[in-house]
Each structure stands twice: as structure tokens, then as C-alpha cells.
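Heads up: the structure comes next, in C-alpha cells.
The values are calculated or read from the model by the stated rules, or taken from the named source; none is laboratory data. Given the structure is predicted, the values throughout are model-derived calculations rather than measurements. Neighbour counts are summed over all protein chains in view; Cβ atoms, including those assigned to glycine, are modelled from backbone coordinates with ideal geometry. Ligands, DNA and RNA are stripped out before the accessible areas are found, and what is left, the full protein with its side chains, is counted by its heavy atoms. Shrake-Rupley method; radii C 1.70, N 1.55, O 1.52, S 1.80 Å.
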Amino acid sequence: MKIVTYNVNGLRQRISQFGSLLKLLNSFDADIICIQETKLRRQELTADLAIADGYESFFSCTRTSDKGRTGYSGVATFCRVKSAFSSVEAALPIAAEEGFTGLLGCSRKEVEASVAEGLEEFSREELLKVDSEGRCIITDHGHFVLFNLYGPRSASDDSDRIQFKHSFYKILEKRWESLLRRGRRIFVVGDLNIAPCAIDRCDAGPDFEKNEFRIWFRSMLVESGGHFFDVFRAKNPNRREAFTCWPSNTGAEQFNYGTRIDHILCAGSCLHEEDDLEGHDFVTCHVKECDILTEYKRWKPGNAPRWNGGWNIKLEGSDHAPVYTSLAEIPDVSEHSTPSLAARYLPMIHGLQQTLVSVLMRRQAAKQVKSHVDEKVKLEGCSNIVKRSITNCDVPGTNIPNCSLDQDSEYSILEVDKHSEDLTEEAACTTKIALNREYVSSMPNKEPVKRARKSQQLSLKSFFQKTPSLGNVVDSTSTDISTNQTGVLDSENQSQEAPAMDDQECSPKQNDMNASASSQGQVEQDGSPCLEKEKTNVALLEWQRIQLLMQNSIPLCKGHREPCVSRVVKKPGPTFGHRFYVCARAEGPASNPEANCGYFRWASSKSRPK
Ligand SMILES: [Zn+2]
Ligand SMILES: [Zn+2]
């Protein structure tokens, strides 16, 4: 079994890069693919973004409407399956849960019953807050519980976010503890936004490891008496410069100047049943390898000219590289079907409208199930009008088999006449995963079957809506193409990277100076539309004259005697709006003379802060 984790920095963009979701997923040849930073809002989840043949998918999108927090983050777990409706494959989850507190999607009444075990001490508000940003999907694969995580980033001067990050990991840790107490094995994969040790960061200073979150991270590891293996380090204990993320606004990929913040952690016993299990644990016995898939890096030698204050072509890809692990001797589990949290069951808009695709898929599903269901099945009328949203209440153990899928419609439901003794325990909209002991054959063999409404009003619009023209989706750029008033014009091509909102730890040198990379004055590359030739020529000459003028005033950097690039301070503060010059080269280790020499100069005395 192979598990991959990948911060895609925009699922839409990666799908466009690979041609389709299926091609993206197949490129990993993995059984479980955990994706972070989908940057998709719930209402944007369409079939082309969420459904791929041969995979079941589970999404968590950001739910908060806080400023700056909508439409980013978001995680998704894709599971490769041969059969989604009656399967013994361990890759197909037995249960799935959005968030890690157990609260998402449950009404106030249900809260008592819904809070995940071990989290009773926290307030409802606190729990809902950590789950509000689409940062976790939990899937239970029988042999282990898998957390797909996107850990919050916190700038050192942002006390609100530091507090948020605190709560996030404190509550998460409680949840892990509770599962481990029950003897569950745990995988935690994803972008945790924490580089645990100095070896995991390009520019770690002497106090690097004193950061409270690094200390917390390391306290989770077996070396410090914790439960988890850092699987990459377990397999590659001394590997240096093993980075998974590079800041995109400094060209850091060119000199591999990054951090290792994408992780695969694993805790728990092995599956062996020998008498003497001395020296056995899951990682030692079942993890074959773990490594970084550097072939997914955007920049490779030869694929792009060197950074010169920006890439002069648009680099395709995420600013992270995926990490994978492959496992051995993972047996099948008891027969089960896809949990109802799966994207195939997602209603499109506010839980009411659906795409034709999903309805067709469900019809197909019904057919498949019918062929599986034998004489034990009895036909029942089910006119339950279920108000609660099925997308959030994953109740695989109850005897209402997913009839809330079409919330306001009536069905006849084929129900398997077989009940589990676990049913009462799991009747509420509660989290199955905490309750699942080692998955045994007592799992109710429930086959959800539903029939699409006969006269259903479909969202035809969604069907005809053109797939967003992915080729045109610019990778979260905020290209500043305005020519600034001082007329600094040069033909430098500009990086298309937007540093804002990027959850990565590496701070470029520019940030250290309280400035974020911005553009220099831009020359519009593609020319202006439909101007007369003469005018164009006149403009061009004037343009060249100004360029020449400006070039003479662009300083050369100390280290390379090369023309600098100009930037503008974008961070609010006393220097906001001021222009300065820096070495144009990509950031890299100070020991490398090819890398950025650190040259800095304010653009003019007028621009210089007082
Ligand atoms: Zn073993
Ligand atoms: Zn230089």
C-alpha cells in the first residue's frame, strides 16, 4: 500500500497542469493520496474537481467567513478502490470524518453526543473554531486511522494565529491520545507547517529548535518518549537538504533552499501476532520506504532559465513536493462500502441541488449495489424526510442507510436486514472513528441504495457550465502590472508568485526587512491592442529611451556586479510604499557564491525612510 501527501497549492491549478484530476492522481500510482491546500470552497466542488474514476474522495473546505480565510486551505483524501460499494480493500475507508473534533455538521442538540472522545474539556466554540478552516479529514482504514492535515501557519508577530495554532495542536493531540488508548494505529500526513529540527530548514539559526511548536512536534516523537515516528527520518536519519517546500517569491528552488514541513507520522503496533513482539512496531515492521517525490518540483535544472528577480517563464507546479510512504503486509479488511462523507454523495448547493453527474453516479451506484444485494434484502418504503446534512454526519452504523442524501425527497430504500450490536452506540451523529475498535467483522454490512427522484429538478446550469478554463487560471497570482509613478521601467520579467497567504515557514530575506517582494515597474509584455503602427513606434522609442535612462540608475549588486531588481515595501508600516533594490539572484545558502548576495539599497534618498 502506498500513501502520498501533497500540498498542491490549488487543486484546480494542479488538475489543469496534469490535464485532469484522474491523471494527477494516477501520476502517483498510490492507494491513498492526501492533498492539502485545495483552495476550493464548498460551493466550488464540481465533479471535475472532486470525482475521478477508480477513486473515492473526501473533502473538507474552509467554513469560516473570516476575512482572508475564505477560499484557501482545504484538504482532500483520495482512495483508490476497485469497488466502492462492497469492498474488502483497506484503501477504502470504513468511516470518514470531516475535521477532528467530531462537531462539524452536527446540530446543537447533537453536540453532546458528537464531541469526539477525549475532547470533552474544550468548549464548543473552541472546537468549532479549529475545525472551521478545512484543515482535516480523518479516514478509518481498519488497520489504522489516517489524519490528512493542513496545519496552520502563524507569523511570529500574530498572536491571534499563534493562539489558534496552539488550540489546533492541543486539541489534535488529545484526539490522538484517545485513539491510541483504544489501541488504534495512527497515520498523520500533511503539511504541518512545522520543520521539526535544524536539519529540516535551510537557514536555521542557533535558536531555531527553541520555537514552541518545534518543541511540541518533537515531543510527539518516539525519540522524546512520544508515540509517533517521523517516518521520513526513520528511513533517512541523516539526509540533509531533504526539503519539501520552497518559498516561491525568492527563487529558492534553484538552490534547494527550503524546509521540510510536509510529514508522514505513524504511531502504533505492528500487525504481527507472534508471541514475542520485542522490537516490533508498525513503522519497523510495515513501512518499506518513505521519500520526497522531488520530480514534482517546479524548478529542475534545464527546465527554466535562472531566476533573475523572477522566473521569465511561468513555472508550473506547487511550491511543495509530495512525500510518499509504501507499506508492506497490509491485509484486507471486512466487507464495507464507501462512507457517506464521500464526495460522490455531496449535494452541490446548500445540500439541495445536485449535478446531473452525481445523480447519474448514484443511479449507477444503486445498480451496482442491487447486483450485490442478495435475498436477505428486504424492500422497505422509506419516507423519512431527513433534515440533517448527510455530508457531515457520517453514520455508517445506523439503520438509516444514507436516506438523507436527497434531503427533501422520498425514496424506496433497499435495506440490508442485518444489524450490528454496535448500532445503538453509534446512532447519533457522532464520530465513528473513535468508537471503532479494531475493525472487525461485526461491521454492519449496510448497502446504501437510493433511487434518484423521478421528477427531480436538476441544476442544469451546473451541467452546462463550462469547466473553468483551467489553462487560464493563474496560480494565485497578484501580478502588479501598474507602472509606478517614478517610472522605473525595465523589461525584467516578473515572478508570477504571490507571497501573500502562503503558509510556508521560509521567510525570504526581503521579508526580514519588513518588505515583501513586489514587482518592479512593469513593461506590458504582450503589447497594446490595435494601435496604429506609427504611434506604436513613437511609443516604443520613448519607451526605450526611458528604459535606458532608468537602467543607468539601477545599481549593481555587490556580490555579482549585476543589475539589481527593484521592489516596493508592501508590508504596512513606516516604510510602506518605499522602493528599494536587491540582488536579482535566487535565494540560496550563503556559502554558495551563485546565490543571492544579500545586496540591498533604498531606491532614492526621497524614498528612504526617515
Ligand atoms: Zn511486527
Ligand atoms: Zn548579487
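What nm distance separates the two modelled labels at Ser159 and Glu44, each placed 7 Å from Cα along Cα→Cβ?
3.3
Could you work out the local net charge near Leu293, counting Lys and Arg as +1, Asp and Glu as -1, over the other residues with Cβ closer than 12 Å to its Cβ?
Working: positive: Lys2, Lys297; negative: Asp29, Asp262, Glu289, Asp291, Glu295.
Charge balance near Leu293 sits at -3.
In nm, what is the difference between 0.36 nm times the number of residues separating Ser553 and Arg306 and their Cα-Cα distance? Don't skip to the end; give the middle numbers.
Values: separation 247, 0.36 × 247 = 88.92 nm, distance 2.36 nm.
Length difference between fully extended and current span is 86.6 nm.
With every protein chain kept in place and ligands, DNA and RNA left out, what is the accessible area per residue of region 121-269? Probe 1.4 Å, answer in Å².
Values: 5040 Å² over 149 residues.
In whole numbers, region 121-269 has 34 Å² accessible per residue.
If each of Asp332 and Ser604 carries a label point 7 Å out from its Cα toward its Cβ, how far apart are those two points in nm?
7.6
Multiplying the sequence separation of Val88 and Phe18 by 0.36 nm and subtracting their Cα-Cα distance, what value in nm do you get? Walk me through the numbers before you get to the answer.
Working: separation 70, 0.36 × 70 = 25.20 nm, distance 3.04 nm.
The Val88-Phe18 span can extend by a further 22.2 nm.
Region 121-220: which GluC sites (Glu not before Pro) are DSSP loop and have at most 13 other beta-carbon atoms within 10 angstrom?
Values: sites: Glu121, Glu125, Glu126, Glu133, Glu173, Glu177, Glu209, Glu212; in loops: Glu121, Glu133.
When the GluC sites (Glu not before Pro) of region 121-220 are filtered for loop state and at most 13 Cβ neighbours within 10 Å, Glu121 remain.
Distance between Cα centroids, region 324-342 to region 285-307: provide it in whole Å.
27
Quick one: which residues, 5 or more positions from Asn193 or on another chain, have an amide H under 5 Å from its amide H? H modelled 1.01 Å from N in the peptide plane, none for Pro or chain starts.
Residues meeting the amide H criterion: Gly151.
Accessible area of region 2-327 with a 1.4 Å probe: how many percent of it is carbon plus sulfur? Don't skip to the answer; put the middle values down first.
Working: 5310 of 11580 Å².
Here it works out to 46 percent.
What is the distance in Å between the Cα centres of region 34-51 and region 201-276?
28
How much length is gained if the chain between Glu173 and Glu295 is pulled fully straight, taking 0.36 nm per residue apart and subtracting their Cα-Cα distance, in nm to one decimal?
On the way: separation 122, 0.36 × 122 = 43.92 nm, distance 3.28 nm.
Value of the extension gain: 40.6 nm.
Between Gln544 and Glu274, what is the label-point separation in nm under the 7 Å Cα-to-beta-carbon projection?
7.9
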